[in-house]
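Only one structure is covered here, and it is reproduced in the block below.
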Amino acid sequence: MNNNNYLKWLKNKTNLHENENDNSSNNDKVSTAKRMTINTRILSDSLTKLDPRYLAKNNPVMFTVEVGFVVVLAIALFPNISSEFVNESQVFYLESAIILILTVWFATFSESLSEAQARARVDALRSLEKEVSAHKLLNGGGSNGSRKQVTVKSTTLNPGDEVMVYAGEIIPRDGLVNEGKAFVDESMMTGESNPVFKDKGDHVIGGTKVASDKIIVEITSEAGRSFLDQMVGLIQNATRPKTKNEIALTILLAGLSLIFITVIGTLLFFAYFLGYRVDIATLIALLVALMPTTIGGLLPAIGISGITRLGRDNIVAKSGKGIEAAGDCDVLILDKTGTITEGSRSAIKFIPLKGYTEEDVGQAAFASSIHDTSHEGKSIIDLAEEKKYIPPLMDKIITAQRIDFSAETRFSGIEFIADKRKTATLSKEQEEVLASFSTNDFLLDSVKKESTSNNKRTGNNFVHRMLLELEQNNRQVKILKGAVDAMLKMTHAHVNEAELKWKVQEISNNGETPLAVSINQEVIGLVSLKDNLKEDIRQKLDEVRATGITTVMITGDNQLTAQVIAKEANVDQVIAEAKPTDKLKRVEEEQLKGHVIGMVGDGTNDAPALAKADIGLAMNSGTAAAKEAANMVDLDSDPSNILKVVKLGKQLLMTRGAITTFSIANDVAKYFAILPAMFMENNPKIQFLNIMQLHNPETAVLSTLIFNAIIIPVLIPLSLKGVKFKPEPPQKTFLRNMFIYGVGGAILPFIAIKGIDMLLSLFV
């Protein structure tokens with residue numbers, strides 16, 4: 001069915017292609033207008049951020065550069081202000097002032113650009129919230145029993161309304177599929193290009209597009225409270241205060257700026273005392289060149305880009321704290337279910353105990369799961385149907401009294417209540433089947449005495465016979481399935497516990513989970529459930545472990561099953577048979593040892609651990625308490641996304657370190673450019689420092705300032721995209737980045753400044 005629908009989607013996509021081409025020119029005009037609006041806002045924001053008050057508060061390095069610009073500009077406008085410290089031409093001062101203010105603008109532009117990318121996520125989501133037409137279904141009124149359709153605006157729909165959505169149409173609001181099957185294009189929401197197959201009972205998101213066939217959707221959300229509204233609200237309410245590392249680096253840069261200001265001020269008076277003529281603009285150029293302007297200009301952009309990149313993965317960082325901690329994370333506590341495994345255990349086989357057959361267990365498991373709506377229950381029904389282990393008298397099974405699963409009992413099933421008023425009748429075929437069995441009393445022990453040949457001859461097993469006798473004799477019977485230890489407490493004393501425990505251990509050794517199946521307090525066999533590992537989870541965990549992070553898996557499964565899963569996924573440590581409080585306990589224990597902890601949760605019982613952990617990732621599908629306690633929310637509700645958070649945190653830390661190293665290494669070349677330019681005229685012996693053989697003092701200063709300015713926009717892509725992350729030990733990463741950005745940062749300015757000087761010498 002899925003393949004046929006997928007082919008229909010492909011065909012439908014081809015048919016729609018011509019219409020899309022017809023509208024492409026209009027769409028291009030709209031997108032061009034949007035780009036112009038965005039670009040205008042980036043320019044406007046970057047110019048607004050040139051306000052000295054904003055820079056003094058948020059970027060002391062760039063504030064110092066802007067003060068230098070004001071001083072040089074004042075000299076350019078009033079060249080006669082001083083004869084001692086103003087020695088160059090007015091054009092030189094104007095050129096220097098322009099380069100200085102461009103340096104500041106490049107820094108504010110990089111910040112505005114990164115903020116625009118963050119806003120683009122909200123704008124993209126808002127574009128999906130547009131009002132669309134919907135085909136509302138009314139009760140009655142149609143011909144041939146069909147329901148009448150009326151076209152209404154999506155904003156008028158209320159929860160409970162049903163709408164028909166055809167191929168190529170937008171789903172008007174969040175809802176559930178009540179009828180039909182179709183592929184739905186969710187690429188605008190998740191970024192996944194392949195359409196998602198939706199069947200009856202599946203959830204669909206408003207704003208996504210039906211790609212094939214048609215479906216009837218029951219609206220489940222009110223206007224303004226859809227999944228999209230939640231996403232937009234979370235992103236808009238997320239704040240970005242500076243992280244501790246960012247604050248520390250900002251203080252360091254401010255301290256360096258003060259030191260260099262003191263050094264330059266002292267140098268001015270020393271030169272004056274020695275009788276050297278020093279130009280004030282050249283001193284300011286030296287100050288700007290020596291300060292770490294590169295990292296100072298790009299630091300805000302690096303921080304904002306981290307949150308933006310998380311947003312692309314549908315993860316909302318409520319503050320920068322979690323991202324910063326992710327960079328230092330060294331212990332990751334992961335739930336087994338949903339994070340390491342798919343989180344949906346499926347039945348894979350029926351295992352009978354001695355005296356029973358696989359068909360006995362299959363039919364009993366089928367009957368006990370008839371009212372079980374969980375994935376496990378449905379998988380048992382599917383497996384029994386696949387093996388053709390369908391019990392008779394389905395109408396009686398369906399109407400039997402249900403026994404629901406509870407945390408106390410840990411079992412579920414059905415119970416046939418004897419009805420003394422009822423006179424049962426069997427069909428002729430059923431009477432013949434019943435007659436083929438022995439005429440023993442209807443007891444569980446009697447089936448063990450039945451010969452295997454008798455079952456082969458009749459083609460029917462014990463459960464089949466039991467149900468027929470039940471119908472004829474109107475007996476009371478319980479058919480249950482549940483946790484092995486819970487079921488053992490209810491069984492007869494003569495149950496072979498040794499055989500049962502041996503088979504349970506066999507199942508656990510394979511990383512599977514056993515469920516016991518019983519009839520009237522007699523365990524007849526086991527159902528083996530398998531929860532498969534998530535795709536590529538071992539590779540992802542290996543990458544995380546390679547960076548020095550210890551992985552801890554926490555699960556309620558028994559120790560044996562947990563160890564098998566941990567070995568398959570290559571997890572370092574295991575906490576088996578865990579209770580909800582064990583998560584908080586483990587987080588506290590690890591933090592007392594000085595570790596930085598990351599963990600995932602979705603329930604109210606996870607909230608204390610999420611609040612305590614350094615990186616708390618809550619699922620959007622979880623409780624309000626969990627989302628409030630965590631410092632990040634995963635809109636896709638995929639627990640394995642914690643691995644993306646950790647990798648991004650490491651990448652952010654690497655990027656900040658790499659650009660800081662590059663910025664400081666740049667200063668080496670600047671010394672050899674500006675110092676000779678300042679003192680060669682007064683002391684020809686300093687000529688030996690001019691190793692780059694720059695044209696003259698004027699071009700030397702201008703070349704250095706130009707390089708200092710243009711390196712900021714050149715590095716904007718790196719600050720927004722981040723240094724490439726490689727799963728390797730931190731020491732190896734440090735040495736590689738020191739070589740690339742340290743040695744490279746020291747060599748590049750020599751080449752670039754010399755090249756710029758050669759170009760300037762053509763005009764000066």
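So here's what we get for this one:
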{"quantity": "In the stretch 543-563, residue modelled with the highest pLDDT [restricted to those that are crowded, with 17+ Cβ neighbours inside 10 Å and over 24 Å from the mean Cα position of the chain (by Cα)]", "calculated": "Gln563"}
{"quantity": "Residue selected from the stretch 86-115 under the condition open to solvent by 60 Å² or more (accessible area, probe 1.4 Å) and out of contact with any Leu (no Cβ under 7 Å at 6 or more places or on another chain), by the criterion nearest to Gly306 (Cα to Cα)", "calculated": "Leu102"}
{"quantity": "Exclusive hit being open to solvent by less than 10 Å² (accessible area, probe 1.4 Å), within 14 Å of Ser528 (Cβ to Cβ) and modelled with pLDDT of 90 or more, set Ala347, Ala365", "calculated": "Ala365"}
{"quantity": "Unmet requirement for Glu179, which otherwise passes all of (1) crowded, with 18+ Cβ neighbours inside 10 Å; (2) over 21 Å from the mean Cα position of the chain (by Cα); (3) modelled with pLDDT of 85 or more", "calculated": "(1)"}
{"quantity": "Per-region count, the stretch 716-725, residues outside any helix (DSSP H, G or I) and surrounded by fewer than 13 Cβ atoms within 10 Å (Cβ to Cβ)", "calculated": "1"}
{"quantity": "Subset of the stretch 679-701 [outside any loop (DSSP other than H, G, I, E, B) and either open to solvent by 10 Å² or more (accessible area, probe 1.4 Å) or of a type in the set (Asp, Glu) (or both)]", "calculated": "Phe679, Pro684, Lys685, Ile686, Gln687, Phe688, Leu689, Pro697, Glu698"}
{"quantity": "When residues of the stretch 309-322 are limited to those that are assigned to a helix (DSSP H, G or I) and open to solvent by less than 10 Å² (accessible area, probe 1.4 Å), the one farthest from Leu720 (Cα to Cα)", "calculated": "Gly322"}
{"quantity": "Residue in the stretch 519-558 that is nearest to Gln476 (Cα to Cα), counting only those that are in contact (Cβ under 8 Å) with a residue 60 or more places away in the chain and among the polar types (S, T, N, Q)", "calculated": "Asn520"}
{"quantity": "Hey, Ser663 open to solvent by less than 30 Å² (accessible area, probe 1.4 Å), within 16 Å of Leu334 (Cα to Cα) and touching a residue at least 60 places away in the same chain (Cβ under 8 Å) or not", "calculated": "no"}
{"quantity": "Filter result (closer than 30 Å to Glu88 by Cα and under 41 Å from the mean Cα position of the chain (by Cα)) within the stretch 277-307", "calculated": "Val288, Ala289, Leu290, Met291, Pro292, Thr293, Thr294, Gly296, Gly297"}
{"quantity": "Residue that is modelled with the lowest pLDDT [pool: residues in the stretch 91-118 that are among the polar types (S, T, N, Q) and under 41 Å from the mean Cα position of the chain (by Cα)]", "calculated": "Gln117"}
{"quantity": "Where Glu568 falls short, out of the listed (1) in contact with a Gly (Cβ under 8 Å, 6 or more places away or on another chain); (2) open to solvent by 10 Å² or more (accessible area, probe 1.4 Å); (3) not in a helix (DSSP H, G or I)", "calculated": "(3)"}
{"quantity": "Inter-residue pairs, beta-carbon under 8 Å, first within 19 Å of Tyr276 (Cβ to Cβ) and at pLDDT below 85 and in the stretch 72-90, second hydrophobic (A, V, I, L, M, F, W, C) and part of a loop (DSSP other than H, G, I, E, B), 6+ apart", "calculated": "Phe85/Val278"}
{"quantity": "Conditions (1) open to solvent by 70 Å² or more (accessible area, probe 1.4 Å); (2) in contact with a Phe, Trp or Tyr (Cβ under 7 Å, 6 or more places away or on another chain): number failed by Pro713", "calculated": "(1)"}
{"quantity": "Among residues of the stretch 502-518, those that are part of a helix (DSSP H, G or I) and either surrounded by fewer than 17 Cβ atoms within 10 Å (Cβ to Cβ) or in contact (Cβ under 8 Å) with a residue 60 or more places away in the chain (or both), counted", "calculated": "6"}
{"quantity": "Filtered residue count, the stretch 46-63, keeping only those that are open to solvent by less than 40 Å² (accessible area, probe 1.4 Å) and at pLDDT below 90", "calculated": "3"}
{"quantity": "Failed item in (1) buried (at least 19 other Cβ atoms within 10 Å of the Cβ); (2) small (Gly, Ala, Ser); (3) at pLDDT 85 or above, with Ala498 passing the rest", "calculated": "(1)"}
{"quantity": "Answer residue from the stretch 726-762, given it is of a type in the set (S, T, N, Q) and in contact (Cβ under 8 Å) with a residue 60 or more places away in the chain and is most open to solvent (accessible area, probe 1.4 Å) among those", "calculated": "Ser761"}
{"quantity": "Condition met for Phe366 (among the aromatic types (Phe, Trp, Tyr), over 25 Å from Gly722 (Cβ atoms) and assigned to a helix (DSSP H, G or I))", "calculated": "yes"}
{"quantity": "Flag for Val30 being modelled with pLDDT of 50 or more and open to solvent by less than 90 Å² (accessible area, probe 1.4 Å)", "calculated": "no"}
{"quantity": "Options Ile414, Ile398; residue that is at pLDDT 85 or above, under 44 Å from the mean Cα position of the chain (by Cα) and surrounded by fewer than 15 Cβ atoms within 10 Å (Cβ to Cβ)", "calculated": "Ile398"}
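The rows are residues; the columns are (1) over 29 Å from Glu628 (Cα atoms); (2) of a type in the set (Lys, Arg).
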{"position": "Val263", "(1), (2)": "yes, no"}
{"position": "Ala281", "(1), (2)": "yes, no"}
{"position": "Leu286", "(1), (2)": "yes, no"}
{"position": "Thr293", "(1), (2)": "yes, no"}
{"position": "Leu298", "(1), (2)": "yes, no"}
{"position": "Ile302", "(1), (2)": "no, no"}
{"position": "Arg309", "(1), (2)": "no, yes"}
{"position": "Ile323", "(1), (2)": "no, no"}
{"position": "Asp330", "(1), (2)": "no, no"}
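The values are calculated or read from the model by the stated rules, or taken from the named source; none is laboratory data. The structure presented is a predicted model; accordingly, all values stated were derived computationally and were not measured. Using ideal geometry, Cβ is built from the backbone for each residue, glycine included, and neighbour counts are taken over all protein chains shown. Note: accessible area is taken over every heavy atom of the protein model, side chains too, but ligands, DNA and RNA are not part of it. Shrake-Rupley method; radii C 1.70, N 1.55, O 1.52, S 1.80 Å.
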